[in-house]
Amino acid sequence: MMKSSVVPTASAPPEVGAALQRLRLARGLTLEDLSRIAGVSKSMLSQIEREKANPTIAITWRLANALGVAIGELLADEQRPVDTIRVVDAHETPTLPGNHAGYVLRILGPMELAGKYEWYELTLAPGGELVSQPHDPGTTEHVTLLHGAIEIEVGAHKKKVKLGGTARYPADQQHALRNIGKTEAKALLVVIHR
């Protein structure tokens, strides 16, 4: 007697595009904004949203981090209710490593405010620096020193910030934050775009 062989049908991979677009738009982000934050090309994001491409696990993880959601939310078919209090655990906090320059930026602000108000935890190794090109006209930065010693340079001007002090300066010209101490420096960096 012959057995009938039943070939299981493979389920289709989850369609990430609709969830990605919904989460991106809910945060007021353009494809360009999300591309910059997640480090994924704009054309790839567009293809994912139109279901023309399925992202790798690595890209899905980067997108989830950039949007401040668990990876499962990008893979889920249904829309989940939003928690009244959303806690982002330390391992979920998006991070921009600048190890080559001796800094680490943890993105503390919600992605939907990117391009308006942004805040970061900046860690600078001894001798480390965060050098930035001019931001859009009218942009300001505010740096509160939590630990260590830093010097801020804006154009031709330099100033040291003491522990607990806050420096406010125009960020629409080239600027740099440098750790001038012998130990790690940590600061809260707030960027306000006009």
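Worth a mention:
- You will find that of L20, L67, the residue that is in contact with an Asp or Glu (Cβ under 6 Å, 6 or more places away or on another chain), open to solvent by less than 30 Å² (accessible area, probe 1.4 Å) and at pLDDT 85 or above is L20 and no other.
- Just so you know, in segment 140-194 the residues that are closer than 17 Å to Y103 by Cα and of a type in the set (K, R) include one that is nearest to the chain's Cα centre (by Cα), and it is K186.
- Residues of segment 132-158 satisfying the condition of being within 14 Å of V191 (Cα to Cα) and part of a strand (DSSP E or B): S132, T140, E141, H142, V143, T144
- Hey, L29 in contact with a strand residue (DSSP E or B) (Cβ under 7 Å, 6 or more places away or on another chain), crowded, with 20+ Cβ neighbours inside 10 Å, on the phi < 0 side of the Ramachandran plot and modelled with pLDDT of 80 or more or not: no
- The number of residues in segment 125-138 that are surrounded by 14 or more Cβ atoms within 10 Å (Cβ to Cβ) and in contact with a Lys or Arg (Cβ under 7 Å, 6 or more places away or on another chain) comes to 2.
- Single condition T183 does not satisfy, out of (1) crowded, with 17+ Cβ neighbours inside 10 Å; (2) of a type in the set (V, I, T); (3) not in a strand (DSSP E or B): (1)
- The residue that is modelled with the highest pLDDT, among those in segment 92-112 that are assigned to a helix (DSSP H, G or I) and open to solvent by 50 Å² or more (accessible area, probe 1.4 Å), is H100.
- Here segment 37-64 is the region considered, the condition is being in contact (Cβ under 8 Å) with a residue 24 or more places away in the chain and in a helix (DSSP H, G or I), and the residue that is most open to solvent (accessible area, probe 1.4 Å) is R62.
- Hey, G115 assigned to a loop (DSSP other than H, G, I, E, B), surrounded by 15 or more Cβ atoms within 10 Å (Cβ to Cβ) and in contact (Cβ under 8 Å) with a residue 60 or more places away in the chain or not: yes
The values are calculated or read from the model by the stated rules, or taken from the named source; none is laboratory data. All figures in this text were calculated on a predicted structure; none of them were measured in a lab. For neighbour counting, all protein chains shown are included, and Cβ atoms are generated from backbone atoms with ideal geometry for every residue, glycine included. Note: accessible area is taken over every heavy atom of the protein model, side chains too, but ligands, DNA and RNA are not part of it. Shrake-Rupley method; radii C 1.70, N 1.55, O 1.52, S 1.80 Å.
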